[in-house]
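What follows is a single structure, written as structure tokens, with notes after it.
Read-outs: derived from the displayed coordinates by stated rules, not from any lab. Note that the structure is a prediction, hence the values are computed from the model and not measured. When we count neighbours, we look across all protein chains shown, and the Cβ atoms used for this are built from the backbone with ideal geometry, even at glycine.
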Amino acid sequence: FVRGAELPILDGASAAWCALLGELDLPERKPKLVVARDGEVAIDAAKYLFFSSETRSEISVEIDWSNAGRFASSLATRASWNGSRATFVSEVASARTFILARDLAEFEASGASAHVPQASFVVVGEENVVASGAPFSADEPTGHKLLDLIGDFFLHGGPSLGRVEALRPGHAKNHEAITLALEKGILARI
């Protein structure tokens, strides 16, 4: 039984999750979704671009940090994944959950912080970042948005065969965009 929008172990602790799954030596699986035709889905300020490809899966995100404070201007704005398990494990899974310092009180009041190990999230403030565990990397918050999008695709069958570019993604928008892309025939189940 899960309370909340996502499983805490899958958000900000994916590297540990991948290590455990790696011990099982699971076979690669083929995509269950395909970008059937090029298309675009817009939800509020978010935009999702879909491009068909018969040979590969690729997902990228672009984040606008302009409203996130002065320090946020030093954060990377793009992250991408080439669809392979190896690059997911080596480049994506280690991206920790992040929270803006201005939202920390609300996060703690929600009780969510009690379920997330301290080393698996970072706090982005006006002047700096507070992180425990591994050193902070400027591409981590954008990498985490990429991790979120990949995870949200898995709730719909997994990343699609084709290329997806998301501008200003978020969990609720991701699910709505995937659902709309399926309804419009941009994405198809295979």
*Would you please classify the overall shape of the chain from the alpha carbon gyration tensor, given that a ≥ b ≥ c denote the square roots of the eigenvalues, rounded means a/c under 1.5, and beyond that prolate means a/b larger than b/c while oblate covers the rest?*
prolate
*In sequence order, calculated HN-Hα J values of segment 69-86 (Karplus, 6.51, -1.76, 1.60; Hz; x Gly/Pro)*: x, 4, 4, 4, 5, 8, 7, 4, 9, 10, 8, 9, 9, 8, x, 8, 4, 4
*Relative contact order of segment 39-190, pairs being alpha-carbon contacts under 8 Å that are 6 or more residues apart, as %*: 38
*Obtain the nm distance between the two label points defined at residue 179 and residue 30 by a simple spin-label model: each point lies 7 Å from its Cα along the Cα-to-C-beta direction.*
2.9
*Over 20 Å between C-alpha atoms is what I'm after, so list which of 47/184; 30/184; 32/145; 47/145 land there.*
30/184; 32/145
*Note the angle between two axes, namely the Cα long axis of helix 171-183 and the longest principal axis of the Cα atoms of the chain, as a number of degrees from 0 to 90, rounded to the nearest 10.*
10
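How far, in nm, would the chain grow between residue 110 and residue 55 when pulled straight, counting 0.36 nm per residue and subtracting the alpha carbon separation?
Values: separation 55, 0.36 × 55 = 19.80 nm, distance 4.30 nm.
Stretched fully, the residue 110-residue 55 segment lengthens by 15.5 nm.
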*Any idea what the dipole of the chain comes to, in debye rounded to 20, about its Cα centre with Lys/Arg Cβ at +1 and Asp/Glu Cβ at -1?*
460
*Could you point to the residue in 104, 50, 147 farthest towards the positive end of the chain's charge dipole, with +1 and -1 charges on the Cβ of Lys/Arg and Asp/Glu respectively?*
50
*Using the charge dipole of segment 44-190 (Lys, Arg: +1 at Cβ; Asp, Glu: -1 at Cβ; taken about the Cα centre), state which of 72, 118, 188 has its Cα farthest towards the positive end.*
188
*asked:* Testing the spin-label approximation: label points 7 Å from Cα along Cα→Cβ at residue 82 and residue 130. State their distance in nm.
replied: 3.8
